[in-house]
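The values are calculated or read from the model by the stated rules, or taken from the named source; none is laboratory data. In this text the structure is predicted, and so the values were computed from the model without any measurement. Every residue, glycine as well, gets a Cβ built from its backbone with ideal geometry; the counts of neighbours run over all protein chains shown. Ligands, DNA and RNA are excluded from the accessible area calculation, which covers all protein heavy atoms including side chains. Shrake-Rupley method; radii C 1.70, N 1.55, O 1.52, S 1.80 Å.
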Amino acid sequence: MEQFDDTNGAESARGDAAGSVAVPTHTDEATAVNRVSAHPEATIPDSEYSLAEIEQRRARPVRWVVFALAVLLAIVIPYGYGRSLAINHTQGVLHYASVLDPRGIALIAWTVTVLTFMGIAMSIIESSSWFWRVVFVLGLAAEQLIAGLCLLKMNFWYSTFVVYQHQAILANAANLGIIAAGLGVAVFAILFVAILVCVKKDSPWNALTHSWSALSMFFIIELIAIAIVLFGGLITAV
């Protein structure tokens with residue numbers, strides 16, 4: 001009798017175990033039911049515009065057209081005005097420029113040009129802000145005015161000597177400042193692309209491609225470029 005009772009107890013235990021195995025099935029069904037969204041009603045209102053049309057409205061193409069026109073005018077008008085002053089009002093230009101040292105003029109021209117490049121770089125980094133685009137346009141206009149006054153071109157030393165005679169060193173210094181800033185940008189661009197192409201992604205040198213690290217490297221290269229112009233004897237050699 002005791003053995004029979006044990007057998008019944010074992011069958012009862014197996015029955016309980018079988019019942020406990022069937023529980024996860026109900027749990028899975030409950031989980032599947034719980035996965036249904038708690039917000040069956042749509043929270044986003046219907047719109048008659050497509051996603052492409054919405055993005056186009058956010059892009060505001062009119063602003064970009066105005067910006068492109070402003071850049072074009074900043075290149076053409078200040079340079080032409082500065083060149084006209086240099087040719088037609090040479091003595092007036094020399095009267096104001098002669099109070100400055102050639103190195104100071106080179107530093108001013110370099111600063112204006114670097115500010116222009118920094119404006120376009122920051123407008124890329126902070127693409128949502130229009131402040132740096134305005135800085136870029138104003139800096140470009142100032143740089144082009146200086147370039148026009150100093151008759152900047154490939155062989156500028158001939159033109160500056162014809163117009164300014166023995167005071168041509170002042171115009172040459174400004175041209176060298178602009179050229180130093182431009183060459184600094186060229187060197188930075190080459191190094192930046194070389195790091196992107198040649199350096200592995202897990203290398204510590206890859207940190208130089210990050211926005212603020214790249215901007216710091218840009219300023220270091222620019223400082224080296226203007227130092228060569230100011231203290232390398234280029235101002236007196238041209």
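For this structure, a couple of remarks:
- A single member of L208, L176 is farther than 30 Å from G92 by Cβ and in contact (Cβ under 8 Å) with a residue 12 or more places away in the chain, and it is L208.
- Only residues that are hydrophobic (A, V, I, L, M, F, W, C) and more than 17 Å from F117 (Cβ to Cβ) were counted across the stretch 148-190, and they come to 14.
- Looking across I195, I178, one residue alone is assigned to a helix (DSSP H, G or I), surrounded by 19 or more Cβ atoms within 10 Å (Cβ to Cβ) and in contact with a helix residue (DSSP H, G or I) (Cβ under 9 Å, 6 or more places away or on another chain). It is I178.
- S127 vs. criteria more than 20 Å from I221 (Cα to Cα), of a type in the set (S, T, Y) and under 31 Å from the mean Cα position of the chain (by Cα): yes
- Qualifying residues in the stretch 151-175 (those that are touching a Lys or Arg at 6+ places or on another chain (Cβ under 8 Å) and within 19 Å of I87 (Cβ to Cβ)) - the one least open to solvent (accessible area, probe 1.4 Å): L151
- Residues of the stretch 210-235 classified as in a helix (DSSP H, G or I) and either within 27 Å of L149 (Cα to Cα) or open to solvent by less than 30 Å² (accessible area, probe 1.4 Å) (or both), total: 18
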